[in-house]
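A short worksheet on the structure shown next.
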Amino acid sequence: MIRLENIYIKSDENTVLIGNINIFIPSGSLVSITGSLGSGKSKLFNILGLQEKASSGNLFILGKNIAKLNRNELSSVHSEISLVCEDLDLVKNLGIEENIILPLIVTNKGKDEISAAVHELVPWLNLNKLLKKRVVNLSRYEKKMVLFARAIIVRPRILLLDNIFEGLDGEYKKKISYLLLALKKIGTTIISFRNENYDDVLDYNKNYKIENSMLVKYEI
């Protein structure tokens with residue numbers, strides 16, 4: 001679960017981008033958050049992904065108040081969250097497969113478990129043809145697919161997505177949607193950050209929009 005309690009997000013110039021956020025997102029939810037450029041959407045993404053801190057308020061993730069955790073406890077929560085956004089990058093001196101399985105290596109998974117995960121995920125996402133490429137030669141679209149594979153291979157408890165469907169064709173949208181729904185069924189909380197006026201193929205449990213410096217719920 002995720003709970004935001006009286007959260008305020010300010011710009012670098014100390015202007016309130018989003019004020020007084022009070023929402024609760026249960027485990028296994030599929031949530032959409034839209035916002036225009038400069039609305040604070042990226043900062044909210046980073047705050048939920050523990051990349052930044054809110055200006056004020058309390059953030060609870062998996063039942064824990066993030067502000068009260070020590071370094072080890074924070075690291076433990078961080079390991080349960082996967083992010084897919086354009087600001088993230090792949091490790092350039094590693095191969096594509098090594099980049100995909102990196103979270104499994106970091107968490108000391110066994111060789112058999114890693115092999116099984118790769119053989120299940122890579123063919124499904126049609127990434128076999130990319131395995132022989134170098135990271136620097138990947139297109140923006142190919143990089144997004146590898147980042148997505150790396151994010152979900154650990155079956156995270158929380159998955160944050162930034163414009164995941166933008167630029168993808170219909171086949172890949174369906175494949176990603178299927179995997180997201182499968183993760184949702186096992187209890188993963190999925191929050192998809194999207195640009196305004198961009199439709200995708202998912203049916204969300206809740207939809208939020210950033211407008212007038214507030215995060216408001218709306219029905220589609």
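The values are calculated or read from the model by the stated rules, or taken from the named source; none is laboratory data. This structure is a prediction, so every number in the text was calculated from the model and none was measured. Cβ coordinates were reconstructed from backbone atoms using ideal geometry, including for glycine residues, and neighbour counts include every protein chain displayed. Remember, those area values only see protein heavy atoms, side chains included, never the ligands or the DNA or RNA. Shrake-Rupley method; radii C 1.70, N 1.55, O 1.52, S 1.80 Å.
Kindly provide the helix-only [θ] at 222 nm of the chain, computed as the sum of -39,500 (n - 2.57) over DSSP H runs of four or more divided by all residues, to the nearest 500 deg cm²/dmol? So the helix-based figure for the chain works out to -10000 deg cm²/dmol.
Rounded to the nearest 0.05, the FRET efficiency derived from the C-beta distance between Asn195 and Ala116 at R0 = 25 Å is 0.10.
When DSSP beta bridges are restricted to pairs lying wholly in the chain, around 50% turn out antiparallel. Restricting attention to the range 158-220, lysine pairs at least eight places apart or on different chains and with alpha-carbon atoms under 21 angstrom apart total 13. Modelled label positions at Val91 and Asn207, each set 7 Å beyond Cα in the direction of Cβ, lie 4.0 nm from each other. Sorting Met1, Met145 on solvent-accessible area from highest to lowest, probe radius 1.4 Å, gives Met1, Met145.
Among 134-144, 90-100, sorting by the average number of other beta carbon atoms lying within 10 angstrom of each residue, highest first, gives 90-100, 134-144.
Against the chain, whose longest principal axis is taken from its Cα atoms, helix 140-152 shows a tilt of about 80°.
Calculated from the alpha-carbon coordinates, the chain shows an Rg and a Dmax of 17.4, 51 Å respectively. With both labels modelled 7 Å from their Cα along Cα-to-Cβ, the Lys64 to Lys217 distance reads 2.7 nm. For the chain, the longest principal axis of the C-alpha atoms and the axis of helix 96-106 are separated by about 60°. Candidate cross-link partners of Lys53 among the lysines, defined by an alpha-carbon separation under 18 Å and a same-chain spacing of 8 or more, comprise Lys10, Lys41, Lys43, Lys64, Lys68.
Partners of Lys109 within straight-line reach, counting aspartates and glutamates whose Cα lies under 17 Å from its Cα and excluding those fewer than 8 residues away in the same chain: Glu80, Glu97, Glu98, Glu120.
Where does helix 170-185 land angle-wise versus the long Cα axis of the chain, in degrees 0 to 90, nearest 10? Roughly 70 degrees between the two axes. Evaluate the distance, in nm, between pseudo-label points positioned 7 Å from the Cα of Phe24 and of Ser76 along their respective Cα→Cβ axes. Rounded to a tenth, the inter-label distance reads 2.4 nm.
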